[in-house]
Amino acid sequence: MTAYLHQLFSIGFYKRTQGRVARQVTFYAIAIAIAVGSYSLMTWMQANGSENANALAVPVSVGVFALGAWAAFRLVQLPTFADFLISVEAEMNKVTWPKRGELWRASVVVILTIFVLAALLYLYDLVWSNLLNTLLSIGG
């Protein structure tokens with residue numbers, strides 16, 4: 001925690017050229033979550049507050065977003081987290097992605113398997129429910 005607090009108030013970049021895509025995607029995902037939370041805070045303040053709270057709703061939510069975005073930016077620069085994101089991007093670059101035809105065939109196999117298993121489970125459910133209903137009608 002103390003390392004993050006120290007990093008929070010620094011302005012440098014850690015390994016600036018490495019893991020840029022992973023860091024950017026992570027930062028934007030966190031920033032979107034913070035923006036949604038800030039907007040929710042603003043609407044809550046406007047709905048539940050007095051006239052003074054309504055006047056402060058927008059500046060407070062903008063301030064929360066600005067502080068949260070800065071904290072998210074510094075988080076992706078934290079050495080341990082940045083090293084993790086750098087290694088994630090390096091591993092993603094090693095992945096062999098399927099071609100369109102292979103992806104289509106694999107998707108069809110998965111979807112058909114799901115439908116077959118759903119039908120099988122439905123048949124099992126039908127058989128067991130009929131069996132148990134028959135046993136209950138005989139016994140009671």
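The values are calculated or read from the model by the stated rules, or taken from the named source; none is laboratory data. These figures come from a predicted structure and were not determined experimentally. Methodologically, a virtual Cβ is constructed for each residue, glycine included, from the backbone with ideal geometry; neighbour enumeration extends over all protein chains shown. The area values use the complete protein model at the heavy-atom level, side chains included, leaving out ligands, DNA and RNA. Shrake-Rupley method; radii C 1.70, N 1.55, O 1.52, S 1.80 Å.
Out of curiosity, is W97 open to solvent by 90 Å² or more (accessible area, probe 1.4 Å), among the hydrophobic types (A, V, I, L, M, F, W, C) and outside any helix (DSSP H, G or I)? Explain how you work it out, then say what you get.
Values: open to solvent by 90 Å² or more (accessible area, probe 1.4 Å): yes; among the hydrophobic types (A, V, I, L, M, F, W, C): yes; outside any helix (DSSP H, G or I): yes.
When the stated conditions are applied, W97 passes them.
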Conditions (1) exposed (fewer than 10 other Cβ atoms within 10 Å of the Cβ); (2) touching a residue at least 60 places away in the same chain (Cβ under 8 Å): number failed by M92
(1)
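Kindly evaluate I11 against the criterion of being over 26 Å from the mean Cα position of the chain (by Cα) and under 22 Å from A82 (Cα atoms). Steps first, please.
Values: over 26 Å from the mean Cα position of the chain (by Cα): yes; under 22 Å from A82 (Cα atoms): yes.
It is true that I11 is over 26 Å from the mean Cα position of the chain (by Cα) and under 22 Å from A82 (Cα atoms).
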Condition met for L78 (on the phi < 0 side of the Ramachandran plot and more than 27 Å from the chain's Cα centre (by Cα))
no
Here is a check on your reading of the model: is V64 over 30 Å from F13 (Cβ atoms) and either modelled with pLDDT of 90 or more or outside any helix (DSSP H, G or I) (or both)?
no
Where Y14 falls short, out of the listed (1) modelled with pLDDT of 90 or more; (2) touching a helix residue (DSSP H, G or I) at 6+ places or on another chain (Cβ under 7 Å); (3) closer than 12 Å to F73 by Cα:
(1)
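Being out of contact with any Ser or Thr (no Cβ under 9 Å at 6 or more places or on another chain) and either under 13 Å from A22 (Cβ atoms) or surrounded by 14 or more Cβ atoms within 10 Å (Cβ to Cβ) (or both) is the filter here; which residues of segment 72-87 pass it? Outline the logic, then answer.
Looking only at segment 72-87, we keep the residues that are out of contact with any Ser or Thr (no Cβ under 9 Å at 6 or more places or on another chain), and these are 73, 78-80, 82-84, 86-87.
Hits for segment 72-87 are F73, L78, A82, D83, F84, I86, S87.
Scan segment 35-50 residue by residue and report those that are surrounded by 15 or more Cβ atoms within 10 Å (Cβ to Cβ) and under 18 Å from the mean Cα position of the chain (by Cα).
First pass over segment 35-50, keeping only residues surrounded by 15 or more Cβ atoms within 10 Å (Cβ to Cβ): 35, 38, 41-42, 45-46.
A35, S38, listed by residue number.
Suppose the filter is within 30 Å of G12 (Cα to Cα), open to solvent by 100 Å² or more (accessible area, probe 1.4 Å) and not acidic (D, E); does I32 pass it?
Values: within 30 Å of G12 (Cα to Cα): yes; open to solvent by 100 Å² or more (accessible area, probe 1.4 Å): yes; not acidic (D, E): yes.
Judged against the criteria, I32 is a match.
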